[in-house]
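These notes concern the structure reproduced below.
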Amino acid sequence: MSKSTLSTDGSFRRSALLLVLLVGVIYSASLRAGFHYDDFHSIVRNPHLSLTHLTAFFVDPGLFSVNPESAMYRPLLLTTYALNRLISAGDAWSYHLINVILHAASTIVVCRLLRLLGSSFGISVLAAVLFAVHPINSEAVAYVSSRSELLASLGILLFCCLVLTSSQKGRTGLMAIGCLAAAIASKAVAIVSPLLALLGLAHAGRLKADRRSLQVIILSGVLLLGYLLIVQNLVSRAFVDAPVRGLSSQMATQLKALGYYLWLMVMPVHLSVEHQFAVSRDFELVVGVAAACVGSLLVLGWRARYIWRWGSAWWFVCLLPTAAVPLIVLVNEHRLYGASVGVMALIACVLGGQTDRRRMADGWIAVYTISLAILTIQRVDVWHSERSVWQDAAIKAPASL
């Protein structure tokens, strides 16, 4: 191993430690928070959260909640909840601690993934820092029930990293399949993992040459077919038997939602657990404007070089599942958790690419990062209790139910 490789490995370990410390400081207050709305039916009042039901978690979606109509297939998520109940019974601190640990782990993997995609060490670390401190991710971390998003995103990120390195190590492919299985056992959004891995291979210029990685992706597709067979009743209910809204309304609403999500990423100053967001019954003007914004991002990303194409495509693909499936809640901040990786890479590329104005760029990076961190600390404080989070929502969305 060369001296430069040793130096890079050492720098990565130091950066990983700093990322963990950064996440710990920003989210330390969440350890004193309680449970919130969906937590009560899926955790607090759920009698099934015991390791004695461990095998049943993997065959019975009804164990997800005390409410039969809220059945979901998330066995790994339920397993972590059962471990939390074993540790702290009805106290919420251990649940929040695991969420913070998962977020810290994801920030490290984000840095690693961007390095594998060819980004410089500085850009990769900056993107991971932005991912760690951006307030759009605060709901996923501070709200226990959003752990499904944390687990699924971590599994997706690890899967993509392992696919990119599967040609170098013999067992890496099996580890990748294991990470995908863990992700899909946490939340169905992980179904886009093979497509995200293909994006990574294409960006690295290895789509045609790397047969072993392609074999891993094909195996992952077989795994996902098996998953769809397990949850076919839930899928049928969502799309055929009892859809929440019609296809045209769903498409129009989610086109508008994609534009709204872009706005929240750029201006994360009006965040709320409940956004004042209405269903679009037709392709109205606001839907057209949102579609134009999203389309512009994708076109610019496709025409651009380096990480821009990958980042914009990653953001869009990650949001496809929630855009396709009609859900009762129209928009949620925690849905942006995995997708935000692509946007953070784009922002880091812009901020860190000003090599001709290095001092000015460093100043802007510091101001921007500190501002995001302060906003996140404020959001964590809002998530302190059920009362505080809904008081904040009532102010920001007075017309909402």
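Would you kindly calculate the translational diffusion coefficient of the stretch 361-401, applying Stokes-Einstein with the Kirkwood radius from alpha carbon pairs, for 20 °C and a viscosity of 1.002 mPa s, and quote it in µm² s⁻¹ without decimals? Rounded to a whole number, D works out at 181 µm²/s. Extending 7 Å from the Cα toward the beta-carbon at both ARG206 and TRP263 defines two label points whose distance is 4.0 nm. For the chain, the carbon plus sulfur part of the accessible surface works out to 67%, probe radius 1.4 Å.
Applying the criteria of a DSSP loop state and at most 15 other Cβ atoms within 10 Å to the trypsin sites (Lys or Arg not before Pro) of the stretch 9-92 yields ARG45.
Note on the chain: dipole from Cβ charges, positive end direction compared against LEU18, ILE136, PHE40; the farthest Cα belongs to LEU18. Here HIS270 and ALA399 are evaluated by their C-beta separation; at R0 = 22 Å the FRET efficiency comes out at 0.95.
All C-alpha to C-alpha distances of the chain, sorted into 10 Å bins beginning at zero, yield P(r) values of 5, 21, 33, 28, 11, 2, 0 percent in whole numbers. Count the net charge of all other residues whose Cβ sits under 10 Å from the Cβ of LEU271, scoring Lys and Arg as +1 and Asp and Glu as -1. Surrounding charge for LEU271 is -1.
What is the stretch 176-329 by shape, rounded, prolate or oblate, if you read a ≥ b ≥ c off the alpha carbon gyration tensor as root eigenvalues and call it rounded for a/c under 1.5, prolate for a/b larger than b/c, and oblate otherwise? The shape class here is oblate. If you sort HIS36, HIS384 by accessible surface, 1.4 Å probe, largest first, the order is HIS384, HIS36. Note that the stretch 1-130, at 25 °C in a medium of 0.890 mPa s, gets a Stokes-Einstein diffusion coefficient of 144 µm²/s from its Kirkwood radius over C-alpha pairs. What is the distance in Å between the Cα centres of the stretch 104-119 and the stretch 25-82? What the calculation gives is 29 Å, centre to centre. Here the label points at ALA56 and SER120, each 7 Å from Cα along the C-beta direction, are separated by 5.6 nm in the simple model. The heavy atoms of ARG115 offer some 80 square angstrom of accessible surface to a 1.4 angstrom probe. Multiplying the residue separation of LEU195 and TRP93 by 0.36 nm and subtracting their alpha-carbon distance yields 33.1 nm. Counting only DSSP H runs of at least 4 residues, each contributing -39500 (n - 2.57), and dividing by the residue count of the chain, the helix-based mean residue ellipticity at 222 nm comes to -21000 deg cm²/dmol. Applying 0.36 nm per residue to the separation of ASN67 and LEU300 and subtracting their alpha-carbon distance, the gain on full extension is 79.4 nm. Take the Cβ atoms of ARG387 and SER11, set R0 to 45 Å, and the FRET efficiency comes out at 0.50. Distance distribution note for the stretch 107-210: the fraction of Cα pairs above 15 angstrom is 65%. Does the stretch 255-401 come out rounded, prolate or oblate by the C-alpha gyration tensor, with a ≥ b ≥ c the root eigenvalues, rounded set by a/c under 1.5 and, if not, prolate when a/b is larger than b/c and oblate if not? Oblate is the answer for the stretch 255-401, as a/c is 1.5 or above yet b/c matches or exceeds a/b. Projecting the Cα atoms of ILE98, PHE159, GLN378 onto the dipole axis of the chain, where Lys and Arg carry +1 and Asp and Glu carry -1 at the beta carbon, places PHE159 farthest toward the positive end.
The values are calculated or read from the model by the stated rules, or taken from the named source; none is laboratory data. Everything numeric here is computed off the predicted structure, so don't read it as measured data. Backbone-built Cβ (ideal geometry, glycine too); neighbour counts: all protein chains shown. Accessible surface areas use protein heavy atoms only, side chains included; no ligands, DNA or RNA. Shrake-Rupley method; radii C 1.70, N 1.55, O 1.52, S 1.80 Å.
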